[in-house]
Amino acid sequence: MYQINTFNAIAQEGMERFEDDKYAINDTDDPDAVILRSKNLHEMPFPASLKAIARAGAGTNNIPVERATQEGVVVFNTPGANANAVKELVLANLFLSVRPILEGNEWVQNFPFNPGDDVEAIAEDHKKQFAGNELVGKKLGVVGLGAIGALIANDAERLGIEVYGYDPYVSVDTAWSISRRVHRVLELDELLKICDFVTVHVPLMDSTRGMIGEHEIAQMKATAHLYNFARGPIVDKDAVLKAINDNRLGGYITDFADADLLHHPKIRVLPHLGASTEEAEINCAKMAAANLKRFLETGDIVNSVNFPSVQMSFNSPWRITLINKNIPNMISTISTFIANLDINISNMVNRGRGDYAYTLVDLDELDRSKVENLIDELNKVDNVIRVRAIEHPGAFYEEY
Ligand SMILES: NC(=O)c1ccc[n+]([C@@H]2O[C@H](COP(=O)([O-])OP(=O)(O)OC[C@H]3O[C@@H](n4cnc5c(N)ncnc54)[C@H](O)[C@@H]3O)[C@@H](O)[C@H]2O)c1
Ligand SMILES: O=C(O)[C@H](O)COP(=O)(O)O
């Protein structure tokens with residue numbers, strides 16, 4: 001039985017993938033894996049049993065990824081699974097930025113009409129104060145052309161907006177998906193100078209913390225609007241407040257609530273709603289559950305942020321998985337241990353990522369005690385961080 005613990009509300013459509021006869025949910029303090037959304041794990045020690053953490057979402061800044069790596073815990077996320085939800089929220093805010101839609105509604109709802117008033121005529125009389133602008137022909141800068149940024153760039157371009165994109169690390173796949181009518185910008189300042197709207201979609205990392213600060217805001221048009229649906233600390237809020245109060249920035253729209261940003265007429269604050277659609281929550285939960293199940297049941301790694309992508313078809317009675325330091329001779333050391341126990345290797349794959357590597361070894365061996373003995377031995381090997389044995393689920397092996 002695998003033990004899974006959850007944090008945050010994970011959509012049932014994902015959780016129901018964990019079959020009752022194989023998985024126990026929230027039943028232990030020593031889980032094999034955790035599935036979560038934005039719960040902060042930084043101060044939480046990991047139990048020795050923990051093998052994997054699945055983030056049902058994109059950002060993993062709530063997870064101590066480096067510590068997880070050192071402790072041999074594989075961290076997964078769900079790339080792209082909530083990108084459409086964020087895209088739609090950003091587009092909605094673009095419309096709200098050019099048209100006083102919310103203000104018009106608020107005015108009508110709160111106007112002190114008297115009984116018998118011609119409400120329609122009074123509204124017609126006042127509508128001029130809620131005239132707006134159009135998005136067609138405006139310039140939008142997209143900082144970070146990943147799953148979300150690429151969708152926004154393409155859809156904004158289709159709306160007739162002139163789109164400029166900046167991402168020095170854009171993936172080849174994403175680059176192919178972006179319309180050739182989206183202008184590629186090589187310097188962030190260049191984009192900031194010309195755009196009416198700038199929307200940021202980069203992960204929060206040491207290199208992006210505060211990346212939109214005083215200098216960057218000073219490049220922007222005084223009428224421009226800055227959007228932050230990525231993470232609060234990517235934008236320097238003090239620089240934003242100062243610029244807005246000095247009339248050097250037109251507005252700030254953020255998905256990250258902060259007491260200092262509340263009740264300002266030029267700042268709109270949302271309670272982290274980017275991924276909060278039924279569709280995105282289901283997509284993320286399903287993908288996170290699939291990542292976890294596959295890892296626990298086969299050792300395959302797909303969509304990890306700290307270990308390499310490794311898949312191998314599982315055709316042997318036993319598979320062992322190893323997380324080890326990425327140093328010379330590890331593979332020969334491991335295979336020598338296996339050979340010394342007179343066990344034959346039927347298939348093997350090893351991939352490194354930075355300082356760590358992941359190895360799958362399929363064994364032509366039916367004797368459980370020999371495999372258990374091997375695991376004990378491998379656990380003693382220097383620079384091996386975690387070893388696991390997975391029995392092939394097909395009972396037919398017992399018959400041979
Ligand atoms: N508001 C929400 O609810 C919500 C929902 C989903 C994601 N997010 C946030 O948005 C971030 C992006 O999500 P995504 O799914 O598009 O991720 P992604 O990994 O697909 O894309 C991130 C992109 O940022 C680029 N990048 C990294 N550093 C950069 C830099 N210094 N300058 C320019 N580009 C840079 C990368 O090359 C990549 O293309 C997430 O990490 C998360 O923090 C927020
Ligand atoms: O990084 C993400 O995927 C988003 O910020 C969504 O966070 P949530 O799952 O807590 O809504």
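Overview of values
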| item | result |
| --- | --- |
| The range 13-70, residues that are surrounded by fewer than 21 Cβ atoms within 10 Å (Cβ to Cβ), of a type in the set (Lys, Arg) and farther than 26 Å from His272 by Cβ | Lys22 |
| Number of positions in the range 79-100 that are over 12 Å from Ala275 (Cα atoms) and within 13 Å of the chain's Cα centre (by Cα) | 1 |
| Close pairs from the range 177-197: first within 10 Å of Lys139 (Cβ to Cβ), partner among the polar types (S, T, N, Q) and assigned to a loop (DSSP other than H, G, I, E, B), Cβ under 8 Å, at least 6 apart | Asp196/Thr223 |
| Count of residues meeting criterion [of a type in the set (A, V, I, L, M, F, W, C), assigned to a loop (DSSP other than H, G, I, E, B) and within 16 Å of ligand 1 (Cβ to nearest atom)] in the range 79-124 | 1 |
| Residues located in the range 192-202, provided they are surrounded by 24 or more Cβ atoms within 10 Å (Cβ to Cβ) and not in a strand (DSSP E or B) | Leu192, Cys195, His201 |
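Residues checked against (1) touching a residue at least 12 places away in the same chain (Cβ under 8 Å); (2) not polar (S, T, N, Q):
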| position | (1), (2) |
| --- | --- |
| Asn347 | yes, no |
| Gly352 | yes, yes |
| Asp355 | yes, yes |
| Asp362 | yes, yes |
| Ser369 | no, no |
| Ile375 | yes, yes |
| Val381 | yes, yes |
| Ile385 | yes, yes |
| Ala389 | yes, yes |
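Okay, residues lined up against (1) closer than 27 Å to Leu204 by Cα; (2) among the small types (Gly, Ala, Ser):
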| residue | (1), (2) |
| --- | --- |
| Gly251 | yes, yes |
| Ala259 | yes, yes |
| Glu281 | yes, no |
| Leu341 | no, no |
| Asn347 | no, no |
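Throughout, read-outs are computed from the coordinates displayed, never taken from laboratory work. Small disclaimer: the values here were computed from a predicted structure and weren't measured. Using ideal geometry, Cβ is built from the backbone for each residue, glycine included, and neighbour counts are taken over all protein chains shown.
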